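I have placed the structure first, in the form of structure tokens, so that the comments after it can refer back to it.
The values are calculated or read from the model by the stated rules, or taken from the named source; none is laboratory data. Fair warning: this is a prediction, and the values are worked out from it, not measured in the lab. Cβ atoms come from the backbone with ideal geometry, glycine included; neighbour counts cover every protein chain shown. Keep in mind that these areas ignore ligands, DNA and RNA; they rest on the heavy atoms of the full protein, side chains included. Shrake-Rupley method; radii C 1.70, N 1.55, O 1.52, S 1.80 Å.
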Amino acid sequence: MFERLELSEMSDEALIDAVAAATREESAAAARRLAFIAEVTSRWCDDEDDASALKLIDGWAQAKAQVGAACNLGPHAANTQMRIGVALRERLPRTAAVFSSGAISAKVINAITWRTHLVTDPGALALIDAGIAENAHGFGVLSENALTAAVDFWVHKYDPLAVIRSKAAAKDRYLEFGDKDDPDGVVSFWGRMRTTDAKITDARAD
């Protein structure tokens, strides 16, 4: 009740300033959390050799279990957070710095890390990171398709083959049912689909 009364006494300008500050704080907090997650992942995975990486429960799986428990996330969501955190730490340090300042949202960061994940050339990746970091503060107002296009602009500028590989992977979708070895009463299925479709399907299956 006290907080509500306190808010009611704020001017319109002060209230909007408070919303903006809270939004920046939320993004900065998300950046810190992902940095912590990347460090957890690093501690479990960086020292793995070829033999340990082939264990039934490897370092990534161990880290995923700990991150999932700490963040109250399922395996898929924890895996996504680890992927984003590691990408910011190891591949996109300039973008990570902008994120940590609170200037861009976690949603924008998710799109940036995913659309750049097929870039393999270190020089191109550094240029892409610099270009995105300089312009990402304006990405938050974009629609999903426009956000994808904005990130792809920088990827295409410095590594067009990465965009081509991404589009080719999106086109190579299929879904098949049934196998001659399936037992009576059940049927196997397998295939490839878009990441967004997979998330929806996974949620419905759960």
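Can you confirm whether Arg32 is surrounded by 15 or more Cβ atoms within 10 Å (Cβ to Cβ), among the basic types (Lys, Arg) and at pLDDT 90 or above? So that I can check it myself, show each step before the final result.
Values: surrounded by 15 or more Cβ atoms within 10 Å (Cβ to Cβ): no; among the basic types (Lys, Arg): yes; at pLDDT 90 or above: yes.
Judged against the criteria, Arg32 is not a match.
Under the condition of being open to solvent by less than 60 Å² (accessible area, probe 1.4 Å) and outside any helix (DSSP H, G or I), which residue from segment 74-101 is modelled with the highest pLDDT?
From segment 74-101, those open to solvent by less than 60 Å² (accessible area, probe 1.4 Å) are 74, 77-82, 84-88, 92, 95-99; that's our starting set.
Then drop every residue that is not outside any helix (DSSP H, G or I), which leaves 74, 92.
Details: Gly74: 93, Leu92: 98.
Out of the qualifying residues, it is Leu92.
Which residues, counting only those in segment 14-31, are acidic (Asp, Glu) and under 11 Å from Ala106 (Cα atoms)? First the steps, then the outcome.
First, the residues of segment 14-31 that are acidic (Asp, Glu): 17, 25-26.
Matches in segment 14-31: Glu26 only.
Yes or no: segment 121-135 includes at least one residue that is under 16 Å from Arg94 (Cβ atoms), at pLDDT 90 or above and over 21 Å from the mean Cα position of the chain (by Cα). Let's see the steps before the verdict.
Taking segment 121-135 as the starting set, the residues that turn out to be under 16 Å from Arg94 (Cβ atoms) are 122-135.
Now drop any that are not at pLDDT 90 or above, which leaves 122-135.
Now drop any that are not over 21 Å from the mean Cα position of the chain (by Cα), which leaves 123.
Yes.
Is it the case that Tyr174 is of a type outside the set (A, V, I, L, M, F, W, C), at pLDDT 65 or above, over 16 Å from the mean Cα position of the chain (by Cα) and over 18 Å from Thr80 (Cα atoms)?
Working: of a type outside the set (A, V, I, L, M, F, W, C): yes; at pLDDT 65 or above: no; over 16 Å from the mean Cα position of the chain (by Cα): yes; over 18 Å from Thr80 (Cα atoms): yes.
It is false that Tyr174 is of a type outside the set (A, V, I, L, M, F, W, C), at pLDDT 65 or above, over 16 Å from the mean Cα position of the chain (by Cα) and over 18 Å from Thr80 (Cα atoms).
State which residue pairs qualify: first residue acidic (Asp, Glu) and inside segment 33-60, second residue loosely packed, with under 14 Cβ neighbours inside 10 Å and at pLDDT below 90 in any location, beta carbons under 8 Å apart, and separation of 6 or more residues or different chains.
Correct list of pairs: Asp58/Ser52.
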